[in-house]
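This report refers to the structure that appears directly beneath it.
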């Protein structure tokens, strides 16, 4: 008797272009290769936003301070999130759980200048700012 039928909802994320190669191993299916298409960064045109499971980052376009709720870093270790400012306003973390490049815990993800950007990486207990810059 072979493995039971696999369902795509249990294997693939709900994004277009995702694929997986499965191999039958005894009574189970094993994923031997897969690709999850990255969702383009979310265009933030409001004061707040919650990062979703397949978001790759935020393009800040709101004309005021933007506050982003980041997912739990411990469940997202190694995940990279990209942030860019298209307005002259800061993007902050709602949980103040960002460790800046100087090693201090902070709320600020990007500075308040148009063109500021940052890359965060999920760590065990905080989001680590691994790169940042600006004009």
*Any idea how many residues of region 88-106 are more than 18 Å from the chain's Cα centre (by Cα), within 20 Å of residue 45 (Cα to Cα) and surrounded by fewer than 19 Cβ atoms within 10 Å (Cβ to Cβ)?*
1
*Does region 34-53 hold any residues that are surrounded by 13 or more Cβ atoms within 10 Å (Cβ to Cβ), at pLDDT 80 or above and part of a loop (DSSP other than H, G, I, E, B), and which are they?*
45, 51
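Residue under question is residue 74, and the condition is that it be surrounded by fewer than 19 Cβ atoms within 10 Å (Cβ to Cβ), part of a loop (DSSP other than H, G, I, E, B) and either over 13 Å from the mean Cα position of the chain (by Cα) or touching a residue at least 12 places away in the same chain (Cβ under 8 Å) (or both); does it hold? Show your work before the answer.
On the way: surrounded by fewer than 19 Cβ atoms within 10 Å (Cβ to Cβ): yes; part of a loop (DSSP other than H, G, I, E, B): no; either over 13 Å from the mean Cα position of the chain (by Cα) or touching a residue at least 12 places away in the same chain (Cβ under 8 Å) (or both): yes.
Judged against the criteria, residue 74 is not a match.
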_Pick from region 54-70, criterion part of a loop (DSSP other than H, G, I, E, B) and either more than 15 Å from the chain's Cα centre (by Cα) or at pLDDT below 95 (or both), ranking: nearest to residue 107 (Cα to Cα)_ = 65
*Tell me, which residue of region 1-28 that is in contact with a strand residue (DSSP E or B) (Cβ under 6 Å, 6 or more places away or on another chain) and assigned to a strand (DSSP E or B) is modelled with the highest pLDDT?*
23
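Looking at 109, 31, which one is in contact with a helix residue (DSSP H, G or I) (Cβ under 8 Å, 6 or more places away or on another chain) and part of a strand (DSSP E or B)? Give the derivation first.
Values: 109 fails: in contact with a helix residue (DSSP H, G or I) (Cβ under 8 Å, 6 or more places away or on another chain).
Answer to the selection: 31.
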*asked:* Looking at region 115-135 only, could you name the residues that are assigned to a loop (DSSP other than H, G, I, E, B), closer than 20 Å to residue 86 by Cβ and touching a strand residue (DSSP E or B) at 6+ places or on another chain (Cβ under 6 Å)?
replied: 116
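The values are calculated or read from the model by the stated rules, or taken from the named source; none is laboratory data. It should be emphasised that the depicted structure is a prediction, and the values quoted were computed from it without experimental measurement. Glycine gets a Cβ as well: all are built from the backbone with ideal geometry, and neighbour counts include every protein chain shown.
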